[in-house]
Amino acid sequence: MRIMMVASEAVPFAKTGGLADVATGLSKALVEVGHEVALLMPYYRKHISEDLAGEVVGEVRVDFPGASIDAKVYETTVPDSQVKVFLIDRPSFFDRSGLYVEDGGDYGDNAERFLFFSRAVIEIAKTLFVPDIIHSNDWQTGLIPALVLQDREEQGRLSNVATVFTMHNMAFHGQFSNFQMTNTGMDSRYYNWQQLEYFGSLNLLKGGISMSDMVTTVSPTYAKEICLPEFGYGLDPVLENRGDDLVGILNGVDMNVWNPALDQKIAQQYDYKTHQAGKAACKAALQEELGLPKNPDAMLFGLISRLTDQKGLDLITQKATQILGADIQFAFLGTGDSNYETLLKELQQEFPDKVAAYIGFDDGLAHRIEAGSDAFLMPSRFEPCGLNQMYSLIYGTPPLVHAVGGLADSVIDAQRHTLDNGTGTGFKFDKYDSDIFLETVWRAVGMFKHHKEDWKKLIINGMTLDSSWNRSAQEYVDVYQSAIEKR
Ligand code: ADP
């Protein structure tokens, strides 16, 4: 298949979050199984150096009311891969310090910027790279399935193209004033409650969901949750309406980046056979780096997170004093809401020989916490997919998670039978409640301290799972096939 992957960010070009990892990781995996993939994104000149951008291979023109807007198209590849990349270069829109936001506020012309980008993609799909599938992601590209559908209904040049739309976060809608309809290139008949309109506004996420051939999100459980009012951010009826066309596919991990056998950022490399010595060395190095007592018996819990309400930090801070009564250490790494930053710092002051709280963004330290901790805390309130619990499995650091979204799908609770049959990988609790969280912590501590053989099984079960993109790439191929059949 010829697949166009369209995203507003992708590593190593520009990144603000998980979407950037997924866009590139999935594209590489699709190429590895024999498909031809072109990744399309804006050319953010302040983020993408000239030597990464390649060469100009064409121009596109989009007619906005009153003016035509041109862009140059650069072609390059994802480094060390066969993934083609087209960068759409319109400096007045994309040569800025932020991708979507600057000084804490959204750019006032985000609608024009991403409507232009989406329409430029459509022009490329008619000329430079004619695809079988256009796979677009999140609200920034939600107009694309709508434009393809309109073209198909008018029997245009894209009639044979099928569309897939993926939601990485239901919290962001791309909702704009209805006068932006004139910039979409869509006939006004599509501005209705079943397609582009949402309570009197243009809603690009809704357009992507309702007008694509297939819809996906980043875990099977989140796919069910977002059909409920509690998680759907108002679009749950639209999602429910898609029935079986909505599929949840768990993200994969780039095993060239997150892999303790290759990781040069950690004190000692290890695999599932050498994890005991490897993790002991990484733990001692981490304790030293963070100024914690170098005690191999103290159970060290790691946490790496945006510090927001989503991530379940209230459960941890409520129970921290009780937990720290036992022989336990915490390694916290994160930035975000100032109240959580303060709470973690206060814990460190109160328990200086048990708690290390690093407030900041530090990729190297994230790797060292994954490798050096005994277990990992991720009790999120909601979690579309989550990556850190998967890194924890790979690094032999059993995760302790709230059973929602991708956390429910990627971790299997340690019970007698799941340990014996080789499936148990961590600790899960169902109800978002601090007492239940605490019970789960004690369950993990009990196994770590008193059932060493079971703990070892848990580690090996996680480390020998296939968490790479291979598994998920095949599921996306099946979705592409379904989209082609529905077209
Ligand atoms: P989310 O996308 O909701 O933030 P994920 O677990 O899916 O959560 O992905 C977060 C990614 O960002 C992971 O790769 C994680 O290691 C990284 N990360 C988050 N906070 C930090 C931090 N303070 N320092 C370094 N890496 C971080």
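Restricting attention to region 324-340, report how many residues are surrounded by fewer than 20 Cβ atoms within 10 Å (Cβ to Cβ) and either of a type in the set (Phe, Trp, Tyr) or away from the ligand (no atom under 11 Å from the Cβ) (or both). Explain how you work it out, then say what you get.
The initial filter retains those residues of region 324-340 that are surrounded by fewer than 20 Cβ atoms within 10 Å (Cβ to Cβ), namely 324-327, 335-339.
Those still in the list that are either of a type in the set (Phe, Trp, Tyr) or away from the ligand (no atom under 11 Å from the Cβ) (or both) too: 324-327, 337-339.
Residues that pass the stated criteria total 7.
In region 75-104, which residue that is among the acidic types (Asp, Glu) and modelled with pLDDT of 95 or more is surrounded by the fewest Cβ atoms within 10 Å (Cβ to Cβ)?
Here is the first cut: in region 75-104, the residues among the acidic types (Asp, Glu) are 75, 80, 89, 95, 102-103.
Narrowing further to those that are modelled with pLDDT of 95 or more: 75, 89, 95.
Working: 75: 17, 89: 23, 95: 14.
Step by step, filter region 75-104, then rank; the result is 95.
Could you please give the count of residues in region 424-480 that are among the small types (Gly, Ala, Ser) and under 30 Å from residue 215 (Cβ atoms)?
Quick first cut of region 424-480, residues among the small types (Gly, Ala, Ser) only: 424, 426, 434, 444, 446, 462, 467-468, 472-473.
Then keep just the ones that are under 30 Å from residue 215 (Cβ atoms); that gives 426, 467-468, 472-473.
The total comes to 5.
Quick one: in region 221-259, of everything that is farther than 19 Å from residue 168 by Cβ and not in a helix (DSSP H, G or I), which residue is nearest to the chain's Cα centre (by Cα)?
Narrowing region 221-259 to residues farther than 19 Å from residue 168 by Cβ: 229, 237, 240-241, 243-244, 255-256, 259.
In the following step, the residues that additionally are not in a helix (DSSP H, G or I) were identified as 255-256, 259.
Numbers: 255: 15, 256: 17, 259: 18 Å.
Looking at the filtered set, the residue picked out is 255.
Of all the helices (runs of 4 or more DSSP H) wholly in region 374-457, which have at least 1 residues that are farther than 15 Å from residue 219 by Cβ and touching a residue at least 40 places away in the same chain (Cβ under 8 Å)? Give the derivation first.
On the way: elements: 388-394, 405-410, 416-420, 434-450.
Fully inside region 374-457 and qualifying: 388-394, 416-420, 434-450.
Being over 23 Å from residue 360 (Cβ atoms) and either small (Gly, Ala, Ser) or open to solvent by less than 70 Å² (accessible area, probe 1.4 Å) (or both) is the filter here; which residues of region 294-309 pass it?
The answer is 295, 298, 299.
If we keep just the residues of region 387-415 that are near the ligand (Cβ under 8 Å from one of its atoms) and open to solvent by 10 Å² or more (accessible area, probe 1.4 Å), which is nearest to residue 451 (Cα to Cα)?
391
Yes/no matrix, rows are residues, columns are (1) touching a residue at least 60 places away in the same chain (Cβ under 8 Å); (2) at negative phi; (3) part of a strand (DSSP E or B):
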site: 21; (1), (2), (3): yes, yes, no
site: 31; (1), (2), (3): no, yes, no
site: 38; (1), (2), (3): yes, yes, yes
site: 48; (1), (2), (3): no, yes, no
site: 52; (1), (2), (3): no, yes, no
site: 57; (1), (2), (3): yes, yes, yes
site: 72; (1), (2), (3): no, yes, yes
site: 112; (1), (2), (3): yes, yes, no
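Within region 290-321, track down each residue that is of a type in the set (A, V, I, L, M, F, W, C) and within 16 Å of the ligand (Cβ to nearest atom). Walk me through how you get there before you give the answer.
Step one: filter region 290-321 for residues of a type in the set (A, V, I, L, M, F, W, C), giving 290, 292, 298-301, 303-304, 307, 313, 315-316, 320.
290, 301, 303, 304, 307, 313, 316 - these are the residues of region 290-321 that are of a type in the set (A, V, I, L, M, F, W, C) and within 16 Å of the ligand (Cβ to nearest atom).
Which residue, of 18, 34, 108, is open to solvent by 20 Å² or more (accessible area, probe 1.4 Å), of a type outside the set (D, E, K, R) and modelled with pLDDT under 95? Outline the logic, then answer.
Working: 34 fails: modelled with pLDDT under 95; 108 fails: modelled with pLDDT under 95.
Answer to the selection: 18.
Exactly one of (1) open to solvent by less than 10 Å² (accessible area, probe 1.4 Å); (2) farther than 20 Å from residue 16 by Cα; (3) within 11 Å of the ligand (Cβ to nearest atom) is unmet by residue 371. Its number?
So the condition that residue 371 fails would be (3).
So, in region 355-365, of the ones that are open to solvent by 10 Å² or more (accessible area, probe 1.4 Å) and part of a helix (DSSP H, G or I), which residue ends up nearest to the ligand (Cβ to nearest atom)?
Only one residue fits best here, namely 363.
Checking residue 116 against (1) part of a strand (DSSP E or B); (2) out of contact with any Leu (no Cβ under 8 Å at 6 or more places or on another chain), which test does it fail?
(1)
Give the number of residues within region 130-167 that are in contact with a helix residue (DSSP H, G or I) (Cβ under 8 Å, 6 or more places away or on another chain), closer than 26 Å to residue 20 by Cα and surrounded by fewer than 20 Cβ atoms within 10 Å (Cβ to Cβ).
The number of residues fulfilling the criteria is 1.
Could you list all residues from region 3-16 that are touching a residue at least 12 places away in the same chain (Cβ under 8 Å), in a loop (DSSP other than H, G, I, E, B) and farther than 21 Å from residue 479 by Cα? Step through it out loud before you land on a result.
Pass one, region 3-16, residues touching a residue at least 12 places away in the same chain (Cβ under 8 Å): 3-14, 16.
With in a loop (DSSP other than H, G, I, E, B) added as a condition, the list becomes 7-9, 11-13, 16.
Correct list: 8, 9, 11, 12, 13, 16.
Every residue in region 10-37 that is away from the ligand (no atom under 12 Å from the Cβ), of a type outside the set (Lys, Arg) and in contact with a helix residue (DSSP H, G or I) (Cβ under 8 Å, 6 or more places away or on another chain), please.
As a first pass, look at region 10-37 and keep what is away from the ligand (no atom under 12 Å from the Cβ): 10, 12-14, 23-24, 26-37.
Now drop any that are not of a type outside the set (Lys, Arg), which leaves 10, 12-14, 23-24, 26-27, 29-37.
Across region 10-37, the qualifying residues are 10, 12, 13, 14, 26, 29, 30, 32, 33, 35, 37.
Could you tell me which numbered condition residue 434 fails, if it satisfies all but one of (1) small (Gly, Ala, Ser); (2) more than 14 Å from the ligand (Cβ to nearest atom); (3) at pLDDT 95 or above; (4) within 24 Å of the chain's Cα centre (by Cα)?
Every condition holds for residue 434 apart from (4).
The values are calculated or read from the model by the stated rules, or taken from the named source; none is laboratory data. Remember, it's a predicted structure, so these values are computed and weren't measured experimentally. As a convention, Cβ positions derive from the backbone with ideal geometry for all residues, glycine included, and neighbour counts pool all protein chains shown. Ligands, DNA and RNA are stripped out before the accessible areas are found, and what is left, the full protein with its side chains, is counted by its heavy atoms. Shrake-Rupley method; radii C 1.70, N 1.55, O 1.52, S 1.80 Å.
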